[in-house]
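Just so you know, all these numbers are worked out from the coordinates, no wet-lab data involved. Just so it is clear, the structure is predicted and the values come from calculations on it, not from any experiment. Note that each Cβ is placed from the backbone with ideal geometry, even for glycine, and that neighbours are counted across all protein chains shown.
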Amino acid sequence: MKVQLNYNSYNQPIGSPVSDWSTREYPSKNMLEGMYCRLEKVESSKHVEALYQVYGPESKAKNWTYLPLNPFESKVAFLSYLETISRSQDPFHYAIIDKASGKALGTLALMRINAEQGSIEVGFVIYSDALKKTRIATEAQYLLACYALDDLGYRRYEWKCDALNEPSRKAALRLGFTFEGIFRNALVYKGRNRDTAWFSIIDSEWPQVKMRVESWLEPTNFTAEGEQKRRLHEFLVQK
């Protein structure tokens, strides 16, 4: 897409004007409702039992390789963690609830919130094996993006991950994020280096990305057994 350049009085190229901009609000909604799932602000007493199955010692060790956390060895320690994140405003944590079963299957959060500049990130994406590669997982991401970009009016929606985390990188691209590059030696975690891969969706791109995800999520795109008829990448974004 060709970018229309603007010039100042010195004939220097400058960014496009942003009119009527104001600081955005911080996330505050306790529930986001979808067709297949809902996002509920994490509550320790409400979600501890189901989420301990996701975060606890029964979870697969390989699921935690690229996460800043390790599985919790006791429910007492996990409950303390849940109580802490339930009070946090940044990150603002949600539990992902399967509407059919009423069970929490994972979590995700809005974080690194720059309300003044309109930038916000989705992170702390921790899924149970039952949630991975399901329409609920996709809808959960869709609901959070809608909240950030439509309801709160942020200009930039970010996704970051370890550059070696291939499943996360593929998920970002599948959902419509644009790869922006790699920050080398960005972090040290778990005693090792992390180069960080950056992705984003900006406000001007979101309407087309949103329409594509909505088309994929339509019940008519799934068989009676829940199998997708068309993959998300088959719903092309119009350039």
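Give Lys41/Lys190; Lys132/Lys190; Lys132/Lys229; Lys103/Lys229 a once-over and call out the pairs whose C-alpha atoms are over 21 Å from each other.
Working: Lys41/Lys190 28 Å; Lys132/Lys190 24 Å; Lys132/Lys229 18 Å; Lys103/Lys229 26 Å.
Cα-Cα > 21 Å for Lys41/Lys190; Lys132/Lys190; Lys103/Lys229; rest within.
Which residue, chosen from Trp216, Thr65, Ala109, occupies the Cα position most advanced towards the positive end of the dipole of segment 28-234, where the dipole is computed from +1 (Lys, Arg) and -1 (Asp, Glu) charges on Cβ about the Cα centre?
Thr65
Let me check I've understood the local charge: for Trp216, count other residues with C-beta under 14 angstrom from its C-beta, Lys and Arg +1, Asp and Glu -1. What total comes out? Each step should come with its number before you reach the end.
Values: positive: Lys133, Arg135, Arg174, Lys210, Arg212, Lys229, Arg230, Arg231; negative: Glu139, Glu214, Glu218, Glu227, Glu234.
After counting each charged neighbour, the total is +3.
Each residue of segment 114-120 in order: what ³J(HN,Hα) in whole Hz does its phi give by Karplus 6.51 cos²θ - 1.76 cosθ + 1.60, θ = phi - 60°, with x for Gly and Pro?
Running phi through 6.51 cos²θ - 1.76 cosθ + 1.60 with θ = phi - 60° gives 10, 5, 5, 9, x, 10, 8 Hz.
If I take all pairs of Cα atoms in segment 47-175, what percentage of them are more than 18 Å from each other?
Details: 4576 of 8256 pairs.
So the pairs more than 18 Å apart make up 55 percent of the total in segment 47-175.
Please report the projected area of segment 157-237's Cα convex hull averaged over all directions, in nm².
Value for segment 157-237: 6.6 nm².
Given only helices, namely DSSP H runs of n ≥ 4 each adding -39500 (n - 2.57), what is the per-residue ellipticity at 222 nm of the chain, to the nearest 500 deg cm²/dmol? Before the final figure, lay out each step's value.
Details: 5 runs with 57 residues, N = 239.
Rounded to the nearest 500, the figure is -7500 deg cm²/dmol.
Please work out the Cα center distance from segment 18-89 to segment 159-195, rounded to the nearest Å.
Taking the Cα centre of each part, segment 18-89 and segment 159-195 sit 20 Å apart.
Cβ under 13 Å from Asp129's Cβ, Asp129 left aside: what net charge do those residues give with Lys, Arg +1 and Asp, Glu -1? Please list the in-between numbers first.
Details: positive: Lys60, Lys62, Lys132, Lys133; negative: Glu58.
Here the count lands on +3.
Ser86 versus Met211, label points 7 Å from Cα toward the beta carbon: distance in nm?
Going from the Ser86 label point to the Met211 one covers 4.2 nm.
Explain nothing, just compute: Karplus ³J(HN,Hα) = 6.51 cos²θ - 1.76 cosθ + 1.60, θ = phi - 60°, for every residue of segment 222-227 in order, whole Hz, x for Gly and Pro.
Going residue by residue, I get 10, 6, 4, 8, x, 7 Hz, with x marking Gly and Pro.
Given a 10 angstrom Cα cut-off, can you work out which residue in Val48, Val76, Val213 is the most mobile in a GNM of the chain?
Val76
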